[in-house]
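A.B. asks: The structure is given below, and queries will be raised subsequently.
The values are calculated or read from the model by the stated rules, or taken from the named source; none is laboratory data. Note that the structure is predicted; figures quoted are calculated from it, not measured. Don't worry about glycine lacking a Cβ; one is built from the backbone with ideal geometry, like all the others, and counts go over all protein chains shown.
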Amino acid sequence: MALKQGTQVQIPAKNTARSLHALGVLCGLAAGAWLGAAEAPTKLVSVGLSPFLISLAMVAGVFVARWTLPTMMKGTSYILLDLKEKPHLIVWAILAGALWAVANTLTVFAIRDVGLSIAFPLWNTNSLVGVFWGWFFFRELRGADWKGVLKVVGGALGIVAGATLLGYASAQEGGATSPHVTAGIFAALGAGLLWGTMYIPYRKAYLSGMNPVSFITVFTVGELLTMTSLALVFSGGIGPLHEELARARPALFWLFLGGFCWVLGDLFQQYAAKYIGIGRGIPLSNTNQLWGLAWGALVFGELAGRGSSAKGLIIGGSVLMIAGALGISVSVAETRERASWQEAMESESRRYGLRIADLMAAQAGDDPIGQKASPRRAWDGLIVLAALGVFVWLADGTERPPIRMDLGWVAILLLPTLLLLCGCAWLLWKRTRFS
């Protein structure tokens, strides 16, 4: 039974908090693997496809995935009820989607100008932005002991140092992939700034008790509207955009698949942000730098022909950034900091008239909405079938991309990525029923 507004709620037991922290860490690792894999199709920019076309095609895959996966996990009745109880979050989700669309387009420019293995760590400075916003708006790290603060501050400094090394490496002999190195660096850093700011609506939603699958369903509306607008403006209108899509038809499946994979990574990232906060969850999901480096170097051969100094800077910078991110993520929120999180939840409950008991239950992995939602409907199955139909249609006539790829390394990288998907999804279901 829900408590009345203003009723004090007990802070979750220490063992429960640590259990949820471990779950959030695993979600962050799975997010890193899938977010890294999702960026691989953007290498098609190197064969002449427009960055706006690539981003639009990926967003189309994102749109389909953001409706299909939540339907499979919880059903449309559940999602609609969750949105009905928290309508104020709809505009926040649309805003987050718009920020994502612009940031994703910037990453394509960055990959074109400086390569995947360098662009990845530069836009992963979003973790610094996330740490700041988590502290500023949502009381993360408030009440943390000096060791916890040191891990976060030290990790943040490591990320900055790593990004500096990688930016410098791009100017070394063999390190640049185009004459527009500076533009590529700024594009990657701009994407990091926008993605870091995008996490404000994430955390706001989960402090308000919204389920991640409900949030991402609306999130995609902002993505699609923004990306379609950008593509129309910069391609010159509907006619030129249609012609460009027709020319790129053999490659659309791969871009669409990249968007679908990105949603898997983002969904795990959402659960990480929910259970351990954006200041910890986002840096951990930025282990996608390891995966991005692996895809860029092993599959696409981006490090081939570069001098030993440039390779050393890239590898050293990547290791330093990941060490910083891991230092942040292993800082477990103790009792005083969790009490500060509860104050942030109480603030949200007062602002929007939400029941604090429901918010606390959702944060602890329970599912207040699931107890009230209707059973699955027939149209849930139709949504899934429609998504499969889109995949089949796009697969027809698809050609292998005209870029150098090592298929052996593709298979090797996909194996642990799929294992993380299955293992983490099972743990989420067992512990929270995807709450």
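A.B. asks: Out of the residues in the range 312-356 meeting the condition of being of a type in the set (Lys, Arg) and in contact (Cβ under 8 Å) with a residue 40 or more places away in the chain, tell me which one is farthest from Gly162 (Cα to Cα).
C.D. replies: Arg355
A.B. asks: Within the set of pairs 6+ apart or on separate chains, which have a first residue in the range 416-435 that is under 19 Å from Gly75 (Cβ atoms), a second that is surrounded by 13 or more Cβ atoms within 10 Å (Cβ to Cβ) and modelled with pLDDT of 90 or more, and C-beta atoms under 6 Å apart?
C.D. replies: Taking only residues 6 or more apart or on different chains, the pairs are Phe434/Leu428.
A.B. asks: Would you confirm, using the coordinates I've provided, whether Leu388 is in contact with a helix residue (DSSP H, G or I) (Cβ under 9 Å, 6 or more places away or on another chain) and without any contact (Cβ under 8 Å) to a residue 40 or more places away in the chain?
C.D. replies: Considered against the rule, which asks whether it is in contact with a helix residue (DSSP H, G or I) (Cβ under 9 Å, 6 or more places away or on another chain) and without any contact (Cβ under 8 Å) to a residue 40 or more places away in the chain, Leu388 comes out as yes.
A.B. asks: Let me ask another. For the range 98-117, which positions are over 22 Å from the mean Cα position of the chain (by Cα) and at pLDDT below 80?
C.D. replies: none
A.B. asks: Quick check on this structure: which one of Leu23, Leu99, Leu69 is in a helix (DSSP H, G or I) and farther than 21 Å from Asn286 by Cα?
C.D. replies: Residue meeting the stated conditions: Leu69.
A.B. asks: May I pose another question? Do any helices (runs of 4 or more DSSP H) lying entirely in the range 118-235 carry at least 2 residues that are modelled with pLDDT of 85 or more, and which ones are they?
C.D. replies: 126-138, 181-207, 212-235
A.B. asks: Counting only residues that are assigned to a loop (DSSP other than H, G, I, E, B) and buried (at least 17 other Cβ atoms within 10 Å of the Cβ), which one in the range 323-356 is farthest from the chain's Cα centre (by Cα)?
C.D. replies: Arg355
A.B. asks: Further, regarding this structure: Taking the conditions exactly as written (modelled with pLDDT under 85, among the β-branched types (Val, Ile, Thr) and assigned to a helix (DSSP H, G or I)), does Thr16 satisfy them or not?
C.D. replies: It is true that Thr16 is modelled with pLDDT under 85, among the β-branched types (Val, Ile, Thr) and assigned to a helix (DSSP H, G or I).
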